[in-house]
There are 2 protein chains.
Amino acid sequence: MNVGIYIYENAEVLDFSGPFEVLSTANRLGNKNWNVFLVSEKHGLTQARGGYPINSHFSFEDHPDIDVLIVVGGIHTEELKKSNVISWVSKVADRSMKVASVCTGAFILAEAKLLDGLTVTTHWEDLSDLKSAYPKLNVVNNRRWVSQGKYITSGGISAGIDMSLHLVSELANLGLATETAKQMEYDWQKNT
Amino acid sequence: MNVGIYIYENAEVLDFSGPFEVLSTANRLGNKNWNVFLVSEKHGLTQARGGYPINSHFSFEDHPDIDVLIVVGGIHTEELKKSNVISWVSKVADRSMKVASVCTGAFILAEAKLLDGLTVTTHWEDLSDLKSAYPKLNVVNNRRWVSQGKYITSGGISAGIDMSLHLVSELANLGLATETAKQMEYDWQKNT
């Protein structure tokens, strides 16, 4: 199974490193055959938020098929203006089994018209902006993540860790998700 | 103020990305003049655990003075054998105001003889190994982090986020640490 995490300039560091940690740890503990990788528009160094120097494994041109797509937040506004990014997200989502967003990554999924009619969430600071920019979405607060079958959106930054643990429980089982949280000494906040 | 985070091959991803997220977010929210950077032995790409392609800002040869040194965990055993790494850690720690470890980064500080006589912690799986390898340490469990003035050690992986928020409260104030946790939607686990 291929898990692709989309990163870009000024992506929030924990938005992508949290899910990478969760999914690669689950992969190791569970002896899964998951390939967890980062994808960026082009090859080369990406400066994530705060000047964090991350490389991707693949570019838009050369990544393998993606079964699970994770779109992260940060300073996402430039991404919304890039038609090649939005069409790439739309195309990959179409062929994926699961599509998840962390934080303001929900805006990117919404711009690709993937969330119309769904119940979704984002960072607490951006709930009203998401609601007004995309009125077809049912935006809710006070949820770490919202699963709508194929599409899962999560709240801000560290909520992406909770959502990724939920993803592990869906892609494998609850036991592996619980074991991963314990390995990470992470207090998994499940939705009530 | 310069905050240097030491990374190496197979360093645990969340061990360094968590503290980077906390300290760079606090820097932004608090309009501080903190320079948060990653340091590796040499320049170039470092493969963190799970094949995470991270670059450092500086090498041992060209980093600026470090006021706060953070040494992270992961597959740390190779690091213990490198005399240049241990002597670098020892030398930098000597000139720093604060020195912290995340997870099994405590072994690296212990190997540099920086923790003798101190009360410390590490990842729950490694507590007994730390105790037997370094009998001069007072190793404790069930603590997210242990502050001993200049030296702070933390538990496994995500405990480094809790410890970094504590660092923010020491380097700035509790208000900024609380605001940073809220921005990250992180449920800060303080020590009881």
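Values in this text are rule-based calculations from the coordinates and carry no lab data. Since the structure is predicted, the reported quantities are computational estimates derived from the model, not experimental observations. In this analysis, Cβ positions are derived from the backbone assuming ideal geometry, glycine residues included, and neighbour counts consider all displayed protein chains.
Only Cα pairs under 8 Å and at least 6 apart count here; give the relative contact order of chain B as a rounded whole percent. It would help to have the intermediate numbers written out before the result.
Working: 401 pairs, mean separation 39.7, N = 192.
The normalised contact order for chain B reaches 21 percent.
For label points placed 7 Å from Cα toward Cβ, what is the shortest-first list of nm distances from A:Asn191 to its copies?
3.7
Given a cut-off of under 8 Å on Cα pairs at least six residues apart, what relative contact order in percent is computed for the range A:1-46?
Reported as a whole number, the value is 58 percent.
For the protein assembly as shown, what is the per residue volume of the convex hull drawn over the alpha-carbon atoms, in cubic angstrom?
Taking the convex hull of the Cα positions in the protein assembly as shown, it is 128 Å³ per residue.
As an exercise, use a Förster radius of 25 Å and the Cβ-Cβ distance of A:Lys131 and A:Asn191 to find the FRET efficiency, rounded to the nearest 0.05.
0.80
What does the structure give for A:16-29 when I average, per residue, the other chain Cβ atoms found within 10 Å of the residue Cβ?
Partner-chain Cβ atoms within 10 Å, mean over residues of A:16-29: 4.
In peptide B:30-41, what is the residue-averaged number of other protein chain Cβ atoms found within 10 Å of each Cβ? Please list the in-between numbers first.
Numbers: counts 0, 0, 0, 0, 1, 1, 3, 4, 3, 0, 0, 0.
Averaged over the peptide's residues, the number is 1.
Considering the zone a paramagnetic label at A:Asn31 would reach in this model (a point 7 Å from Cα along the Cα-to-Cβ line), which residues of the range B:1-31 have amide N under 15 Å from it?
none
List the lysines whose Cα sits under 16 Å from the Cα of B:Lys82, skipping any in the same chain fewer than 8 residues away.
Reachable lysines: B:Lys42, B:Lys91, B:Lys113.
Roughly how big is the range B:2-183's charge dipole about its Cα centre, with Cβ charges of +1 (Lys, Arg) and -1 (Asp, Glu), in debye to the nearest 20?
I would put it at about 340 debye.
Take the alpha carbon atoms of the range A:8-55, find their center, do the same for the range B:21-38, and report the distance between the two centers in whole angstrom.
21 Å
Give me the percent relative contact order of the range B:75-177, please, defined on Cα pairs under 8 angstrom at least 6 residues apart.
Values: 159 pairs, mean separation 25.6, N = 103.
Dividing the mean separation by the residue count of the range B:75-177 yields 25 percent.
Add -39500 (n - 2.57) for each DSSP H run of 4 or more in the protein assembly as shown, then divide by its residues: what number comes out at 222 nm, to the nearest 500 deg cm²/dmol?
After summing the helix terms and dividing by the residues of the protein assembly as shown, the value is -11000 deg cm²/dmol.
What residue of chain A sits with its beta carbon nearest the rotation axis taking A to B, and at what distance in whole Å?
Nearest-to-axis residue on chain A, with distance in whole Å, is A:Ser17, 2.
For label points placed 7 Å from Cα toward Cβ, what is the shortest-first list of nm distances from A:Asp116 to its copies?
7.0
Mind checking which aspartates and glutamates have their Cα closer than 14 Å to the Cα of B:Lys150? Skip sequence neighbours fewer than 8 apart in that chain.
B:Asp67, B:Asp94, B:Asp116, B:Glu170
Taking only the Cα atoms of the range B:2-183, how large is their convex hull per residue, in Å³?
Roughly 105 Å³ of hull volume per residue.
So how far, in whole Å, is the C-alpha centre of the range A:78-96 from the one of the range A:126-172?
What the calculation gives is 18 Å, centre to centre.
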